[in-house]
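Chemist: The structure follows.
Rule-based calculations on the coordinates, nothing more; no lab input. Just so you know, these numbers come straight off a predicted model, no measurement behind them. FYI the Cβ positions are ideal-geometry reconstructions off the backbone, even for glycines, and counts take in every protein chain you see.
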Amino acid sequence: MIETPSLVDQYCHGVLRTELGLGTFEAQLAHTEGPPAPGTTLFDTQTGFAVRRWCPPLLGLEPHCAPARYLARRRELGVLEAGRRLLRGSGITTYLVDTGLPGDLTGPTEMACDGAAEAREIVRLELLAEQVADTSGTVKSFLANLAESVHGAAANAVAFTSVAGLRHGLALAPEPPGPGEVRGAAGRWLAGRRVGGALTDPVLLRHLLWIAVASGLPLQLHAGLGEPGSRIDRTDPVLLSDFVRATAGLGTDLILLHGYPYHRHAAHLAGVFPHVYTDSGAALVRTGARAATVLAEILELAPFGKILFSTGAHGLPELHVVGARLFREALGRVLGTWVADGAWSLEDGQRVARMVAAGNARRVYGLSGA
Amino acid sequence: MIETPSLVDQYCHGVLRTELGLGTFEAQLAHTEGPPAPGTTLFDTQTGFAVRRWCPPLLGLEPHCAPARYLARRRELGVLEAGRRLLRGSGITTYLVDTGLPGDLTGPTEMACDGAAEAREIVRLELLAEQVADTSGTVKSFLANLAESVHGAAANAVAFTSVAGLRHGLALAPEPPGPGEVRGAAGRWLAGRRVGGALTDPVLLRHLLWIAVASGLPLQLHAGLGEPGSRIDRTDPVLLSDFVRATAGLGTDLILLHGYPYHRHAAHLAGVFPHVYTDSGAALVRTGARAATVLAEILELAPFGKILFSTGAHGLPELHVVGARLFREALGRVLGTWVADGAWSLEDGQRVARMVAAGNARRVYGLSGA
Amino acid sequence: MIETPSLVDQYCHGVLRTELGLGTFEAQLAHTEGPPAPGTTLFDTQTGFAVRRWCPPLLGLEPHCAPARYLARRRELGVLEAGRRLLRGSGITTYLVDTGLPGDLTGPTEMACDGAAEAREIVRLELLAEQVADTSGTVKSFLANLAESVHGAAANAVAFTSVAGLRHGLALAPEPPGPGEVRGAAGRWLAGRRVGGALTDPVLLRHLLWIAVASGLPLQLHAGLGEPGSRIDRTDPVLLSDFVRATAGLGTDLILLHGYPYHRHAAHLAGVFPHVYTDSGAALVRTGARAATVLAEILELAPFGKILFSTGAHGLPELHVVGARLFREALGRVLGTWVADGAWSLEDGQRVARMVAAGNARRVYGLSGA
């Protein structure tokens, strides 16, 4: 009843080029600080069960087959062929790829080729700053090169993304830092830094955000569930309220990624502020059989024109598949139930499904087909 | 199976007396900071869809008809006749009306007449203080007039309401401020204030709350979702814990309004403290097709004798309709399912429905029919 | 379809030995600060309704019979016989009993006998410290006796439990306090203390936690809903993030009890940290007909090998019954639906049910049958 012929994955990463064993595959299923507890496996998670549901059939196996059997078949096909079958089976027609994570991951061009889809690049601000720091000799040249790099990246990228929330927390002072403050912070950072050192200074994180805002490109902000080492209470999107208010009316859209378990807060901000959008996908990969409920919670306060689909997938093409299939099924189930109950008309349900699956992203990121 | 023949709307506002065009009507559907984002409309929200579901039939149209068609029919009938049909179709039998918002809104008498219902007034404390400030020459006369005004209002009003959470945040010091502290704050406020200036000083906000507590009239406290300019993390009702503890045993009931997305926290407080009640209606207008789930979340911890229905409607009689219909349907669905599952007896389900819809409010506010 | 033949209640208390009247029974149904509000009863809560659903049939009455009738039948059988019928009807095969609450409650031996089950003791750290303080003359002897008592208790107990979150809040400094700091805090506490005085000093609470961690026994931490006098925002398990990180790799497991309304946060920590587990039962007793949804929310992020069942029951054997029945029904419903939808295989559903109901607890606590 509710169909989504086209899916724009507005935030994901590439996939690993290397063959994976059972252990290395399992390690990609969750974001943990340490190995699985004795007597447990990361396959016994919502993500693990969702992978076992959706992926084996794309490689010619029965759903829910044992992990070892699935991995054997995956190796039999080879990582490239398995990746192609999986990506092409996901239903995703456009990938927006954050290229800012380490590891031997495919980039947008390969994602497009392997997935028989379009792909565009998202530039991660903190990595850009770290790369500029690696090659700049002085504070002055660092700051000049940084501004130039951000503006240069804006010419080709489809969006910027920031992990300021994971690096420092989202409770950042809302206004742009002053030039002297930025120079001081840059000096301290560069002086104490070795090549490749991570940017965690709050003044420089804010400076980066404001350079990005000035570029006019959509700016994605990581919120909610994050990477090992972070604290989720420091990534509650409500902490961004004052930054959001400070950036209102400047013409740059902000997209709150992930959100869960604070996704109702992200939806609230998308409802209050014209330039704020919220993500409705990455959390589904983590919550699996609960995807319809999590999606429905986002659909409470977020206006339907302000919700964007993503998988947030990283490393395994299985995660792109799972993100897309869970989203499609959840959206069909949630909207289909509302239509069946008479709460929504069928026409509205179909229209909102197309908006959330692809139309909103095409409009916000200026993609073809918009 | 579960019926609610009588509905006491324990918190709403009046309706606009002016004819509305598509844009002015749309602007009433949400609480935003700025116009809808390009390419979006506030009709594409849960509130917009709920209005299109429930209201057109009351004006002789098909459910889910296009907004322009609905507005044309509304203007054809005229704002007064359309308002009467809508309010009388809501099923609300008593309106408790907060008269403290600006704009050309109908008051309790007109609401009663237009809605063929009873109506009583709720007095907003901050507006009362601002009106007293407008007409008092000195700190001493301001404080004396303020106390007199609150006690005078208590003679006719059915409750007081406070937006201290939206003005300052709910993390207020729990005890009453001392007389010297109050005089100092009043002096500073009056000295810097122009006529109509808003009260945001935390000492005076607390002083007002304690005068209201002393009156013995039920005191409604805004929590959770609020007005543009506020931050929802500052309106989490759990921030009121110490104030709630400080007012225990004084004989004055506290009613936590709205609550969402912290409605589980409000329900918790209603479960722990004998004098605390929680609201189960206004959030439903914002969450539309999700109303049954939001209501069910309130029904987790809140004792069934401590939950009160409201619409929180403001400006559009459509919002009174939507608030009432969503509540009625959600309550019937949630309790009906529990009865069908055998978790509750039918008799208990029917009894709880009557309590939440009207009985609890009649008891707390001392309304006839209690 | 989904069965749980064995239930290990990983956290509960004993039951009262005295006959109860309607009022004294009612008072055990909720954790309130004060008597029920005028015109309300604590029987009109999810817990009250769940007791009326599940318990009367175990005493030969119809489900949902009136409280007075149920209490009359209970007295007719006598507290001992009624308790036996209830506990034996709960389906619980092992009770882990926190013996650290005051009142005339049965201990593990009686629980085992009355319930025809196994039972083991959980030692409450704060009570242990208070008992040591009652009998120690000096700071030096107190600290020596404390360490000895904790290590002695570890020989027989199955776990330690801490209410540091209810006494002070979970935002404790994560590292162990230094010896001088501990001596200073102990000196101040002992000097100002009367026999039986409660331990609330944050330095001593941390010291206790770290002694317990050193023992290697599983350590249960109260989080979320607590006792009268606490504030739930101070018991959000996310506040434990840094303590959790500081105890990683030491070989001691941490179990987050209760969690609700922050149970998604507890599940998140169980997903990120190998040594963290989360509780899936006590919240169900409080939320009754909503148990399936609350359980499903825990099942979003928590790996299935990291979830443990408990009732959290205290005083009334009815609460052990309700905790067990609600859990069993909720688990069957949630997992059964996922199996019916094809999201999970039947075999996986049955396996996860056995893990959450008993297998995980047997492994973590080293119980027979593991």
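Chemist: Name the chain A residue with the Cβ nearest the axis that maps A onto B: which is it, and what is the distance in angstrom?
Modeler: Chain A residue with minimal Cβ-axis distance: A:THR293, 5.
Chemist: Restricting attention to region A:159-195, which trypsin sites (Lys or Arg not before Pro) occupy a DSSP loop and are surrounded by at most 10 other Cβ atoms within 10 Å?
Modeler: Answer in residue order: A:ARG194.
Chemist: Need one number: convex hull volume per residue for region C:179-308, Cα atoms only, in Å³.
Modeler: Spread over its residues, the Cα hull of region C:179-308 gives 122 Å³ apiece.
Chemist: What nm distance separates the two modelled labels at A:ARG73 and C:LEU346, each placed 7 Å from Cα along Cα→Cβ?
Modeler: Once both label points are built, they end up 2.1 nm from each other.
Chemist: What is the diffusion coefficient of region C:146-193 in µm²/s, taking the Kirkwood radius over Cα pairs and the Stokes-Einstein relation at 37 °C with a viscosity of 0.692 mPa s?
Modeler: 252
Chemist: Do you know the relative contact order of chain B, to the nearest whole percent, from alpha carbon pairs under 8 angstrom that are 6+ apart?
Modeler: Values: 708 pairs, mean separation 78.8, N = 370.
Computed over chain B, the figure is 21 percent.
Chemist: Please list the radius of gyration and Dmax for region A:66-133, considering alpha-carbon atoms only, with Å as the unit.
Modeler: 14.9, 47
Chemist: When a/c is below 1.5 the answer is rounded, else prolate if a/b is larger than b/c, else oblate, so apply that to region B:109-253 with a ≥ b ≥ c taken from the square roots of the Cα gyration tensor eigenvalues.
Modeler: Rounded, since a/c falls under 1.5.
Chemist: Further, regarding this structure: Under the definition of partner shielding as Cβ atoms of other protein chains within 10 Å of a residue Cβ, what is the mean value for peptide C:57-68?
Modeler: On the way: counts 0, 0, 0, 0, 0, 1, 4, 7, 1, 0, 0, 0.
What the average comes to for C:57-68 is 1.
Chemist: Note down the relative contact order for region B:18-155 as a percent, whole number, built from C-alpha pairs under 8 angstrom at least six residues apart.
Modeler: Worked out over region B:18-155, it gives 15 percent.
Chemist: Under a Cβ-only charge scheme (Lys and Arg +1, Asp and Glu -1), can you give me the dipole magnitude of the protein assembly as shown about the Cα centre, in debye to the nearest 20?
Modeler: Values: 99 positive and 105 negative charges, 33 e Å.
Result for the protein assembly as shown is approximately 160 debye, rounded to the nearest 20.
Chemist: Turning to a different aspect of this structure: Please give every one of the aspartates and glutamates within straight-line cross-link reach of B:LYS140, meaning a C-alpha to C-alpha distance under 19 Å, and leave out same-chain neighbours fewer than 8 residues apart.
Modeler: B:GLU126, B:GLU130, B:GLU148, B:GLU181, B:ASP201
Chemist: At a 10 Å Cβ-Cβ cut-off, how would you order B:ASP253, C:ASP201, fewest neighbours first? Write out the running numbers ahead of the final one.
Modeler: Numbers: B:ASP253 24, C:ASP201 20.
Ascending Cβ contact count within 10 Å gives the list C:ASP201, B:ASP253.
Chemist: Also, quick follow-up: Using a cut-off of 9 Å between beta-carbons, work out the net charge of the residues near A:PRO174 (Lys and Arg +1, Asp and Glu -1, A:PRO174 not included).
Modeler: Neighbourhood net charge equals 0.
Chemist: Shifting gears a bit: With a Förster radius of 45 Å, plug the Cβ-Cβ distance of B:ALA191 and A:GLU175 into 1/(1 + (r/R0)^6) and report the FRET value to the nearest 0.05. Don't skip to the answer; put the middle values down first.
Modeler: Details: r = 29 Å, r/R0 = 0.64.
The pair B:ALA191/A:GLU175 has a calculated efficiency of 0.95.
Chemist: Right, something else. Quick check: the distance between the Cα centres of region B:4-32 and region C:117-143, to the nearest angstrom?
Modeler: 60
Chemist: Given N residues in region C:33-95, what is Rg(Cα) / (2.2 N^0.38 Å)?
Modeler: Taking N as the residue count of region C:33-95, the ratio is 1.24.
Chemist: Across peptide B:29-41, how many C-beta atoms of other chains are within 10 Å of each residue C-beta, on average?
Modeler: Going residue by residue through B:29-41 and averaging, the value is 5.
Chemist: Let me spell out the model: positive unit charges on the Cβ of Lys and Arg, negative unit charges on the Cβ of Asp and Glu, origin at the Cα centre of chain A. What dipole size does that give, in debye rounded to 20?
Modeler: 140
Chemist: While we're on this one: Taking each residue of C:347-353 in turn, how many C-beta atoms of other protein chains fall within 10 Å of its C-beta, and what is the average?
Modeler: Mean partner-chain Cβ count within 10 Å for C:347-353: 2.
Chemist: Determine the dipole magnitude for region A:20-77: charges of +1 sit on the beta-carbon of Lys and Arg, -1 on that of Asp and Glu, nothing else is charged, the reference point is the Cα centre, and the result goes in debye to the nearest 20.
Modeler: 220
Chemist: Nm distances between the label at B:GLU181 and the same-position labels in the remaining copies, 7 Å along Cα→Cβ, shortest first?
Modeler: 3.1, 3.1
Chemist: Using the Cβ atoms and a cut-off under 11 Å, what net charge is assigned to the surroundings of B:LYS306, where Lys and Arg are +1 and Asp and Glu are -1?
Modeler: -2
Chemist: For A:LYS306, give me every one of the aspartates and glutamates with a C-alpha distance below 17 angstrom, ignoring sequence neighbours fewer than eight places off in its own chain.
Modeler: A:ASP9, A:ASP253, A:ASP279, A:GLU297, A:ASP348, B:GLU26, B:GLU33, B:ASP44
Chemist: What is the Å³ per residue value for the convex hull set by the Cα atoms of the protein assembly as shown?
Modeler: Hull volume normalised by residue count: 172 Å³.
Chemist: Separate question: Counting other C-beta atoms within 10 Å, which of A:VAL244, B:VAL195 has the fewest, and how do the rest follow?
Modeler: Taking fewest neighbouring Cβ atoms as first place, the list is B:VAL195, A:VAL244.
Chemist: I would also like to ask the following. 7 Å along Cα→Cβ for the label point: how many nanometres lie between C:ALA248 and each equivalent label in the other copies, listed shortest first?
Modeler: 3.9, 3.9
Chemist: Additional query: For the modelled label position 7 Å from the Cα of A:ARG231 along Cα-to-Cβ, which residues of region A:182-206 have backbone nitrogen atoms closer than 18 Å?
Modeler: A:200-203
Chemist: Continuing with the same structure: Suppose a student asked you for the relative contact order of region A:121-249, using Cα pairs under 8 Å spaced at least 6 residues apart; what percent would you report?
Modeler: Taking the mean separation of contacting Cα pairs over the length of region A:121-249, I get 35 percent.
Chemist: Additional query: Just for the Cα atoms in region B:61-179, what are the lengths along the principal axes, largest first, rounded to whole Å?
Modeler: The principal-axis extents, from largest down, are 60, 29, 26 Å.
Chemist: Then there is this: Expressed as cubic angstrom per residue, what is the convex hull volume of the alpha carbon set of chain B?
Modeler: Convex hull volume per residue, Cα atoms: 135 Å³.
Chemist: Further question: Restricting the count to DSSP beta bridges whose residues both fall in the protein assembly as shown, what percent are antiparallel, rounded to a multiple of 5?
Modeler: Of all bridge pairs located within the protein assembly as shown, approximately 5 percent are antiparallel.
Chemist: Please figure out what share of the DSSP beta bridges in chain A is antiparallel and state it in percent, rounded to the nearest 5.
Modeler: DSSP beta bridges in chain A are roughly 5 percent antiparallel.
Chemist: Return B:CYS113, B:CYS12 ranked ascending by Cβ neighbour count within 10 Å, so the fewest neighbours appear first.
Modeler: Fewest to most other Cβ atoms nearby, the residues stand as B:CYS113, B:CYS12.
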